[in-house]
Amino acid sequence: MDVLDALAAACPAGGARRAEPGDAVDGVVPRVVARPAGIPELSSVLSAAADAGLAVVARGNGTKLDWGLPPTTLDLVVDTTAMAGVVEHTSGDLVLRALAGTTLAEVQSLLASHRQWLPLDEVVPGSTLGGVVATALSGPGRHTYGGVRDLLIGVTAVRADGVVAHAGGRVVKNVAGYDLAKLFTGSYGTLAVLGELVFRLRPLPVARRFVQHVVPPAELSAALGALRRAPAAPTALELARRGDGPYVLTVLLEGRPGPLEARAAELAGQLGRPERSDEVAPPTWGALPGACTLKVTAPLAALPGLLDVAGRAAVAAGVAADLRAHPGVGTCLVGLPDDVVAVGEVLGALRRFLGGTGWATVLRGPREVRSTLDVFGPTPGLALMARVKAQLDPDGRLAPGRFVVAA
């Protein structure tokens, strides 16, 4: 039996086929594509792949294939889109269990009818739950609700050898041994293929208000200080700046309509007259800027200086930076054009500024840019990460080369 026949036999419901150019993962075309329709089929597919020694990359809707690095080798793409749907929604416990190929938008639509939601911003439209977890993708709402690691309380994943592994559970407090759910989060599919995910939920806010204030660069530190002292209790914050223009500070407030308006008015007294106040998020809210996006994590006190360095480095490189930052979380996104020299110069300036106090990585961008740069930079704990990878995927067949730990 050849590889294609073995994979087709492993997933009769979903099917397997020879790969086409459109199945390329970051420019690397696989030999075959399998589309398991559930965890038993996923287990059988990975077991067959292990027998044949195939290098494997899991793919949902393919919205983040320009993240990380191209696979060093690739034989099989496991398409998870047939593994979709909500398995269980326990509304009284605020818990959701869904398959990894389910889109975040589908989940939010279902939960909205129960006045609940999974408090994750849809940073990349069309993202599946598996892709969100594999890349640890969070937006401005992390300020109050936490990131993916905080909301994920259970996972069923399949190892490279086809063995099904469970971690966590269907209740909020259920911890025993290693927290594999958090280990798999942000691992770019290098440790296991995600099958089923369990999240904690939140009630939908009764009302929301997005309030925008324009802040001149010279007043940024003072404005952030005033915001920290204000009793408005924002749910999330986002700073945006394009080129050498002013900063636009967007503050999300949530609560009941009457008190919400009072809090917005009080905030205006702290920061000045708002430029915009609306129930609908601005188009830039939580979106990734630029053709190439750098992600920077730094101490909160360093944020104004970090933004200044990013802007100045972009000007020196002859490009305009599109900056987004989340005060209170310590993350900054730097959007740049598809210019490998400019991206390299801004990335270098940011890493020099941080000096080991944070991280600057190339989150996404064209392959030509990422292939010429040190995408991840210095990585603390790299030896430990390599040991974990060796234990869970000893042959290095899952997403080889895609993440910082080389297979």
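Bear in mind these aren't lab numbers, they're just calculated from the coordinates by the rules spelled out. Because the structure is a prediction, the values reported are computed rather than measured. Here the Cβ positions follow ideal geometry from the backbone for every residue, glycine too, while neighbour counts run over all protein chains shown.
When you take every Cα atom in region 231-380, what is the radius of gyration, and what is Dmax, the widest Cα pair distance, in Å?
Just the Cα atoms of region 231-380 yield Rg and Dmax of 16.8, 54 Å.
For region 3-81, what is the percent of antiparallel DSSP beta bridges, rounded to the nearest 5?
35 percent
Just to verify a number: FRET efficiency for D179 and E106, C-beta to C-beta distance, R0 = 30 Å, to 0.05?
With R0 = 30 Å, the Cβ-Cβ based efficiency is 0.65.
Between region 235-252 and region 368-406, what is the C-alpha centre distance in whole Å?
So the two Cα centres are separated by 33 Å.
Give me R200, R18, R402 ranked fewest to most by other Cβ atoms within 10 Å of their Cβ, as a rough exposure proxy.
In order of increasing Cβ crowding within 10 Å: R18, R200, R402.
If you fit an axis through the alpha-carbon atoms of helix 340-354 and take the longest principal axis of the Cα set of the chain, what angle between them do you get, 0 to 90°, nearest 10?
Relative to the chain, helix 340-354 is tipped by roughly 70 degrees.
Looking at region 221-290, which GluC sites (Glu not before Pro) are in a loop (DSSP not H, G, I, E or B) and have at most 10 other Cβ atoms within 10 Å?
On the way: sites: E238, E254, E261, E266, E275, E279; in loops: E275, E279.
Loop-located and lightly packed - E279.
With a 10 Å Cβ neighbour count serving as the proxy for reagent exposure, in which order, fewest first, do D308, D23 appear?
D308, D23
Does region 3-81 classify as rounded, prolate or oblate by the C-alpha gyration tensor (a ≥ b ≥ c root eigenvalues; a/c under 1.5 gives rounded; else a/b over b/c gives prolate, otherwise oblate)?
Working: a/c = 1.83, a/b = 1.51, b/c = 1.21.
Since a/c reaches 1.5 and a/b is larger than b/c, the shape of region 3-81 is classed as prolate.
I want to verify the translational diffusion coefficient of the chain in µm²/s; compute it with Stokes-Einstein, Rh as the Kirkwood radius over Cα pairs, at 4 °C and 1.567 mPa s.
Diffusion coefficient, whole number: 58 µm²/s.
Relative contact order of region 292-382: what whole-number percent is it, with Cα pairs under 8 angstrom and at least 6 residues apart?
37 percent
Extent of region 105-232 along each principal axis, from alpha carbon coordinates, in Å, largest to smallest?
56, 35, 30 Å, listed from the longest principal axis down.
Binning every alpha carbon pair distance of region 1-146 at 10 Å from zero, what are the percents per bin?
Binned Cα distances yield the sequence 11, 37, 32, 16, 4, 0.
Any chance you could count the Lys pairs in the chain whose alpha carbons are under 22 Å apart, treating pairs 8 or more apart or on different chains as valid?
6
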